[in-house]
Structures are given as C-alpha cells and as structure tokens.
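The values are calculated or read from the model by the stated rules, or taken from the named source; none is laboratory data. Just so we're clear, the structure is a prediction, and the values are computed from it rather than from any experiment. In this analysis, Cβ positions are derived from the backbone assuming ideal geometry, glycine residues included, and neighbour counts consider all displayed protein chains. With ligands, DNA and RNA removed, areas are computed over all heavy atoms of the protein, side chains included. Shrake-Rupley method; radii C 1.70, N 1.55, O 1.52, S 1.80 Å.
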Amino acid sequence: MDTDYFKHKGINFASLIYTQERFEFLENEFQVLDDDVYIVTYPKSGTNWVMEIMSLIHRNGDFTWCQEVPNFVRIPWLDVSGEGQKLVDECKSPRLFSTHLPVQFFPKSLLSSKAKVIYTARNPKDVLVSLYHFAHMTYVIKKPNSFEEFMEDFLQGRLPFGSWFDHIKGWIQMKDKCNFLFLTYEDLKKDIRGAVKTISTFLGKELNEQTIDLVVEHSSFSSMKANKMSNNSLAPETVMNPKKNNFLRKGIIGDWKNHFMEKQSEHMDTIYREKMKDLNIKFTWDEIEDHL
Ligand code: A3P
C-alpha cells in the first residue's frame, strides 16, 4: 500500500487517517473541557507508555480496564478522522485524549480552559531510530529508502507532524503554566515511581504506595508487550501491518548508538545545538549524553 501525504500549513500528514477539515475543526471549533487531560508528544516519544500510566492512575491501579479495552479506545487519538474520530466525538467527561498535534494546531479553546496537558519528549536521536523502525510497519509514514535519507527528512521536518525541533519548542512555551506538565521518556526510564507520583499529583490524585506499585508493574515494557490491549496488535490493519508488529520494540535509552555512524551523530548534534540554542534548557537526555 502506498502512503500519501497532504500538507496542512506547511506540515506533512498521512491522508490515510488525517484530513485538513478535521484539523481546521479541531483548531477553531473543538471545545476543550476543564476536566480534559491531553497526552501530547512528537511521535515515538513514549505516548503509549504515558497512555498506560494514565489509564492505570485514572482507575486507581485497577488494571482490568487496560486488560479489557484497547488503549486507543481508553484514550482516543484527538487528531484522527474516520472511525477514530467517533471515539473522540462520543467520549464522555472526564475525557482523556492523546495527540501529536503541534501547538499551533491545537484547539484554541485550550487557552481559556483549565484542561491539563502532559507533554512527553525524548532524545531526538532515539525518536528518529524508533520512527525509522516504525516506518517499516505502518502505512502512515512513507517507507524509508535508507537511514541516511530518513534522517535528513527528520532533520528538515519533512516527516509527518513536521520538525521535532519546532514541536518541542512550540509546546515548551507553556512550561510555566500550572495546567502543563513537561516530562521526558528518559525521566520515566530513570525513575518510573517518581514519574508516576509526579503525574498523579499533577492530576490531583494522591496514590498510596500499593497503588503506585500496581501502576509501575502494569505499565512496564514487558507487561505492555504481553497485553494485546496495549501493544497495538489490535490497531487497524490499514494503519499497521500486524505481521510486522513490533510496536513495543526495545524500550531503551540510547539505541541510537546502534544505528548512527559517528559523522551522522556529529551532524545531528550540530543541528540540535543550532536549533535548540535559544531555549537554554538542559534536558535529561543532554545530561545522559554528557556522561557518555
Ligand atoms: P522503541 O521503538 O525505541 O522501542 P510512541 O508510543 O510515542 O509511539 O513511542 C513508542 C516508543 O516507546 C517505542 O520505542 C516503544 O518501545 C517505547 N515504549 C512503549 N512503552 C514503553 C514502556 N512501557 N517502557 C519503555 N518504552 C516503552
């Protein structure tokens, strides 16, 4: 199956599951509610992991929801059209949604609401590697010709959802707002208990130690990989090839080292420094890289 993109305000999206009309509707007409929670990421930054944690926190550690209902039904994707759109339109309050939308496409009604946003970012080198493998099993990203070419598309913002740099720089402008939580995949890997506590406190839920244990256990890589409601093996076959399904691939920090040549790593570091210099923020992945 061939993958087609269309451009919306200069950014590529797969025609298979997204439409310009839906994006216009979401930006200008969709009503954000005060008790909504939005999980926002650039693709391959740990979205499904945070969805699992959120599902478990939402149900106070009761994991039957995660074992009986697919993750994309528990926490619908805000930005998709077709069948997935119905899940959004029919979702009852308190609503939990996931999205990869860049901040400038997000519903404007967020600005006047108390809805909460959890933004999770990941080392762009690991995002790129994860995305490269994902592109071989999905129909929403064009099949890469080579890692080299795919990297250039990533760095130039030609992949769906646009530039990683613009995405994080756009969303991080909200970092001082009380309804915004910024996390990194690396924070979750380094201290999952701490991250679960941070998320639950942000959501206004104080969990006891036993409940935190349940959230940690049932959102682990091995639990999610073994759970067909959470490993995306139930995703529509038009979107992902189930035979190639390896959505939960490695789940580690630093797999980029197995894929990048030295000169590719230096090239990406140069672009990263240039594009991120005005932010003046050291991310967890920068600290990890400093210790290599
Ligand atoms: P890898 O391809 O590096 O393994 P997203 O959900 O945003 O599409 O991100 C997918 C990435 O998150 C994949 O990375 C996947 O393995 C990883 N992931 C998902 N659940 C995880 C978990 N419980 N622990 C660690 N990594 C997880």
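From the list VAL73, VAL69, the lone residue that is open to solvent by less than 40 Å² (accessible area, probe 1.4 Å) and either within 15 Å of TYR18 (Cβ to Cβ) or more than 15 Å from the ligand (Cβ to nearest atom) (or both) is VAL69. The residue of the stretch 217-237 that is farthest from the ligand (Cβ to nearest atom), among those that are open to solvent by less than 20 Å² (accessible area, probe 1.4 Å) and part of a loop (DSSP other than H, G, I, E, B), is ALA235.
Could you look through the stretch 162-216, keep only residues that are within 25 Å of ILE252 (Cβ to Cβ) and open to solvent by 70 Å² or more (accessible area, probe 1.4 Å), and pick out the one that is farthest from the chain's Cα centre (by Cα)? Applying the filter and picking the extreme gives ASP213.
Note on the stretch 1-95: enclosed helices (runs of 4 or more DSSP H) holding 2 or more residues that are over 22 Å from PHE134 (Cα atoms) are 20-28, 47-58, 64-68, 83-89.
Within the stretch 40-54, not a single residue is open to solvent by 10 Å² or more (accessible area, probe 1.4 Å) and more than 16 Å from the ligand (Cβ to nearest atom). Here MET261, MET240 are screened, and the one residue that is over 16 Å from GLY61 (Cβ atoms) and within 16 Å of the ligand (Cβ to nearest atom) is MET240. Could you please tell me which pairs satisfy a Cβ distance under 8 Å, a separation of 6+ or placement on different chains, a first residue in the stretch 217-229 that is at pLDDT 95 or above and among the β-branched types (Val, Ile, Thr), and a second residue that is open to solvent by less than 40 Å² (accessible area, probe 1.4 Å) and near the ligand (Cβ under 10 Å from one of its atoms)? Listed pairs, sorted by first residue: none to list. Residues in the stretch 114-153 that are open to solvent by less than 20 Å² (accessible area, probe 1.4 Å) and of a type in the set (S, T, N, Q): THR120, ASN123, SER130, THR138. Candidates LEU111, LEU131: the one that is touching a Pro at 6+ places or on another chain (Cβ under 8 Å) and either part of a helix (DSSP H, G or I) or within 16 Å of the ligand (Cβ to nearest atom) (or both) is LEU131. Would you mention how many residues in the stretch 247-258 are near the ligand (Cβ under 8 Å from one of its atoms), of a type outside the set (Val, Ile, Thr) and not in a helix (DSSP H, G or I)? Adding up the residues that qualify gives 5. A residue that is open to solvent by 70 Å² or more (accessible area, probe 1.4 Å) and closer than 30 Å to VAL80 by Cβ occurs somewhere in the stretch 268-283.
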